[in-house]
1. Using modelled backbone amide H atoms (1.01 Å from N, in-plane), which distant-in-sequence or interchain residues come within less than 5 Å of Arg85's amide H?
2. Grab the other residues whose beta carbon is less than 12 angstrom from that of Leu69, score K and R as +1, D and E as -1, and report the net.
3. Run the quick spin-label model on Arg34 and Glu64: label points 7 Å from Cα toward the beta carbon, then report their separation in nm to one decimal.
4. Please work out the FRET efficiency for the pair Leu93 and Arg44, using the Cβ-Cβ distance as r and a Förster radius of 25 Å; give the result to the nearest 0.05.
Amino acid sequence: MRPQGWINLDLLATVWVLTQDHERLSVCGVPARRNPRPDWVMQRRIALGHRIADLRRQQELSQEALAHLAGMERRSIQRYENAVRDPQFSDLLLIAHALRVHVTDLLG
């Protein structure tokens, strides 16, 4: 008999891990977004990633160094530069501050 309020942590971990797969689909196969984004959005995300990478290289910083200056994980910088993820506005502010540019320079 399990005590009252007992939670199966294995089940919770499984649910958390399986909420989205690498194609951004939920466990039941429903797309994460109801309406797909237009193609131009992905093109702008790619341009943003290239801009971050270019500015980082101009300052001779590695992804690790930029991440440290911005107080972020290197994987986040890598994902933004490779257009795998959309950065949150606060992340853009941190990256711009670390690169000593205005946030609008990233969006160029």
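1. For Arg85, the qualifying residues are Tyr80.
2. On the way: positive: Arg56, Arg74, Arg100; negative: Glu64.
Taking every Cβ under 12 Å from that of Leu69, the sum is +2.
3. 4.5 nm
4. FRET efficiency, Leu93 to Arg44: 0.90.
Every number in this text was worked out from the coordinates using simple rules, so none of it is lab data. Everything numeric here is computed off the predicted structure, so don't read it as measured data. Cβ coordinates were reconstructed from backbone atoms using ideal geometry, including for glycine residues, and neighbour counts include every protein chain displayed.
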